Every structure is written in C-alpha cells, then in structure tokens.
Amino acid sequence: MRPVPKKGILDIEAYVPGKSQAPEGVTLHKLSSNESALGSSPAARAAAAAAVERLELYPDGQAGALKTAISERYGLNPRNIVCGNGSDELLTLLAQAYLDDGDEGIHTAHGFLLHRTAILATGASAVCVPETDARIDVDAILAAVTERTKLVFIANPGNPTGTYIPFDEVRRLQEGLPKSVVLVIDAAYAEYVRRNDYEAGIELVSCAQNVVMTRTFSKIHGLAALRVGWMYAPDTIVDAVERIRGPFNINTIAIAAATAAIADRAHVETAVTHNLGWLESLTADLSALGLRVTPSVTNFVLVHFPAEGGRTAAAADAFLTARGFILRRVAGYGFPDALRLTVGSDEANRGVVAALADFMGGAAR
Ligand SMILES: *Cc1c(COP(=O)(O)O)cnc(C)c1O
C-alpha cells in the first residue's frame, strides 16, 4: 500500500522547462521564455532593494500599495483586483474555486499549458478545443460546452501562437456561454498588443458577472523572477478566490517592485517600442529566409521549419544552441515543426537572424 494521488493528478504531464545552457565559451542568448528584452525598470529594482531591509515582517496580505497602483493605472476599483504569486497562481485558484470532480473545464489547443494542468488538478475533466489557423475558434469553444462545463480558459493573445482574437469575438464568446460558466481571459501579453480591435478584458469584466481577466508582471515589466500577477473580476469571483488564497501569497519585495514598475510608464513604452520594431523586422527577415512565421502581436514569434532537406525544428534547435541561441521547442504545445523565438536585445535578434540564415542556406539550398 502507498498513497495514490487523487483523480486527474497523474494525467498531468510534468512541466518541461526550457533549456538555458550554452556550450562553454559561447555567449548565451536566452530567447526561450518570453522574458523582457530590456529587463525591469530601474525604479523597480531600487524598490526591491529597499524592501530587503525589513525581511522580518510579514508582507501586506492585501498588497494594498500594488492594488492601488494597478487601479490608478487602469481606472479600476481596487476591490475587484486580486494579486497573485504570478498569474499562474490565480489561474490555479480560479480552477480550484469553480471546478469539481465530474465538471468540465475547457481550454484551447494552443492557449497555455498551465490551463490544462489547473483544470486536471481539480479532478475535473479537461476538454481541449481545437484552434483554427492557430487562432482561438469561438464557435468551436461554444460547441464544446455541455451542462457540465463550469469554466473556460482562453489566452488572448495565445502562447505559443502569438495570435489574438478581436474584442467582438471575445464578447461573442461571453454572450454564447451560459451565465454560470466562468470565462477566464489570460491576457499575459496585453501590453504588447497595438491593435485597435483588441481589448484585454477590462471592459468585459466590468459589464458581465462571469468574466475574469488575468495579467502578469513577468513579461512587459520584466519581473518574472519575483512572481507577480493580478486578476480583475466581479465581486463574487473575487470573494471566492479570496477565501482560498494564501494570506501572504505575494512577498514584500515583489509588491514593492511591481508597484514601482507599473508607475514607470516610460520604461513600459520603451519596451513596447523595442518590441514592435523587432517583431516587424524579425517577421520580415525570417520570412525572407523561407521560414513561415505566424503573425504575432506579442513579444515572441512562432517560426515554422520546412523539414525538407533536414531543416527540421529539432535540427534548427541543435544548430542554434551550439551558437548560444536558446529557443523554445513547442512540440508539447502541438507544434512539432516549429520553434518559439522571444524578441531579445538588438544584439541577440541580429545574431539569431544571422544564425538562421546560415542554417537555411547551409544544407540543401
Ligand atoms: C508567461 C505567461 C503567463 C505568466 O505567468 P506568471 O505566472 O504571471 O509568470 C500567463 N499566461 C501566459 C499565456 C503566459 O505566456
């Protein structure tokens, strides 16, 4: 006899983290985890350093300063914000609060791996809905809803696709769902999107009772190491999550750094501008090499390899790694022939294009 995990746990595939090791003597460019190319705001680092002076005190369990900063930035009622240890924690808590054994949670084929994990960890069934052209398919999601569906996760924009659906489509999804189903919009890359028809979710949360938007400080704000995320939700959903959240789920250093980061609008703008320029030129340069690039609105691109002439994603991965460029294999996300490339520094971006040109020119061309 030995302990057996509850239903669902052993159906979860253990997370395979990206590599981050380059061969000896080669400069490492980690372009595998969608981390910020420009790092965090100097103000955030100064605030973190100052917070280190009082490590004996418990954190503010309400993260009041951070909620105030977020609510001022976006014009929200702080009562409708919950902060989390990364948005990962909030996604997990939402699944825990709304899913039970026998229920169904929906996620999309290329949304975000954690959505499936969060659903299965509750004992509920995870229903994977296909996407169309690597984009969320609202009709497919609505067709998958049954009377057992309690929660739907979408990532908008998606990861690893980098694609998005416009506000009209998200609203059509919300309107088509039963009012008892929670729609969670994971908007981890919202700050990068510069499209008039995109809306991260704030508007929908404000006028519906069953919608939640999650956001993160890990991407545009460059604070992945500190693990800070937040969600914006109606009162009843905030109430449910507050009951199961750890009372000190985000630490003092993280609260201080994130509060300073969101106030540094100039740093965010610089990061967005850097990203937009490179997103465009990386897409154009890689396409010119004969690679197919899924059009992205985020800080990464999904690059598809032709496979003929031995130019597979696996071969490209080995080739690039030997030169210090670490990209993300995405076979586990349903793209065996692609790599995900994060927009990096100027030097890293130029270097990876040159290396891919060698790779594409080398073998059969
Ligand atoms: C990176 C990412 C997150 C962020 O998770 P954190 O726990 O806040 O670091 C959430 N959703 C998606 C789709 C992501 O790519």
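The values are calculated or read from the model by the stated rules, or taken from the named source; none is laboratory data. Everything numeric here is computed off the predicted structure, so don't read it as measured data. Cβ: placed from backbone, ideal geometry, glycine included. Neighbour counts: every protein chain shown.
Just give me the residues in region 105-136 being more than 13 Å from the ligand (Cβ to nearest atom) and part of a strand (DSSP E or B), in sequence order.
Across region 105-136, the qualifying residues are Gly105, Ile106, Ser125, Ala126, Val127, Cys128, Val129, Thr132, Arg135.
Run Ala155 past the list (1) aliphatic (A, V, I, L, M); (2) over 24 Å from Arg73 (Cα atoms); (3) within 14 Å of the ligand (Cβ to nearest atom) and report the number of the one that doesn't hold. Going through (1) aliphatic (A, V, I, L, M); (2) over 24 Å from Arg73 (Cα atoms); (3) within 14 Å of the ligand (Cβ to nearest atom) one by one, Ala155 breaks only (2).
As a summary of the residue check, Thr273 satisfies the conditions (1) of a type outside the set (D, E, K, R); (2) in the same structural domain as Leu223 (by TED's automatic domain parsing); (3) without any contact (Cβ under 8 Å) to a residue 24 or more places away in the chain except for the one numbered (2). Considering only region 164-193, state which residues are closer than 18 Å to Val138 by Cβ, among the charged types (D, E, K, R) and surrounded by fewer than 22 Cβ atoms within 10 Å (Cβ to Cβ). Within region 164-193, Asp168, Glu169, Arg171, Arg172, Glu175, Lys179 qualify.
A count restricted to region 143-174 and to residues that are of a type in the set (A, V, I, L, M), closer than 21 Å to Leu91 by Cα and part of a helix (DSSP H, G or I) stands at 3. Looking at region 197-205, can you tell me whether even one residue there is charged (D, E, K, R), more than 10 Å from the ligand (Cβ to nearest atom) and under 22 Å from His267 (Cα atoms)? Yes, there is a match, as at least one residue in region 197-205 is charged (D, E, K, R), more than 10 Å from the ligand (Cβ to nearest atom) and under 22 Å from His267 (Cα atoms). Whether any residue in region 241-262 is crowded, with 23+ Cβ neighbours inside 10 Å, part of a loop (DSSP other than H, G, I, E, B) and either away from the ligand (no atom under 13 Å from the Cβ) or of a type outside the set (A, V, I, L, M) (or both) is what I want to check. For region 241-262, residues crowded, with 23+ Cβ neighbours inside 10 Å, part of a loop (DSSP other than H, G, I, E, B) and either away from the ligand (no atom under 13 Å from the Cβ) or of a type outside the set (A, V, I, L, M) (or both): absent. For region 1-98, the helices (runs of 4 or more DSSP H) that sit wholly inside it and include 1 or more residues that are within 14 Å of the ligand (Cβ to nearest atom) and of a type outside the set (Ser, Thr, Tyr) are 64-74, 86-98.
Pairs linking a residue in region 128-154 that is in contact (Cβ under 8 Å) with a residue 40 or more places away in the chain and within 22 Å of Asp11 (Cα to Cα) to a residue that is among the small types (Gly, Ala, Ser) and not in a strand (DSSP E or B), with Cβ atoms under 7 Å and 6 or more positions apart or on different chains, are Arg148/Gly102; Leu151/Ala95; Phe153/Gly111; Ile154/Gly111.
Would you mind stating whether Thr149 is more than 19 Å from the chain's Cα centre (by Cα), farther than 20 Å from Lys179 by Cα, modelled with pLDDT of 95 or more and not assigned by TED's automatic domain parsing to the domain that holds Ser296? No. Consider region 178-196. How many of its residues are in contact with a helix residue (DSSP H, G or I) (Cβ under 8 Å, 6 or more places away or on another chain), among the β-branched types (Val, Ile, Thr) and within 16 Å of the ligand (Cβ to nearest atom)? Residues in region 178-196 being in contact with a helix residue (DSSP H, G or I) (Cβ under 8 Å, 6 or more places away or on another chain), among the β-branched types (Val, Ile, Thr) and within 16 Å of the ligand (Cβ to nearest atom): 2 in total. Among the conditions (1) over 23 Å from Val297 (Cβ atoms); (2) buried (at least 23 other Cβ atoms within 10 Å of the Cβ); (3) over 17 Å from the mean Cα position of the chain (by Cα), Ala95 misses just one, which is (3). Among the residues making up region 194-225, those that are part of a loop (DSSP other than H, G, I, E, B) and surrounded by fewer than 20 Cβ atoms within 10 Å (Cβ to Cβ) are Arg194, Arg195, Asn196, Asp197, Tyr198, Ala208, Gln209.
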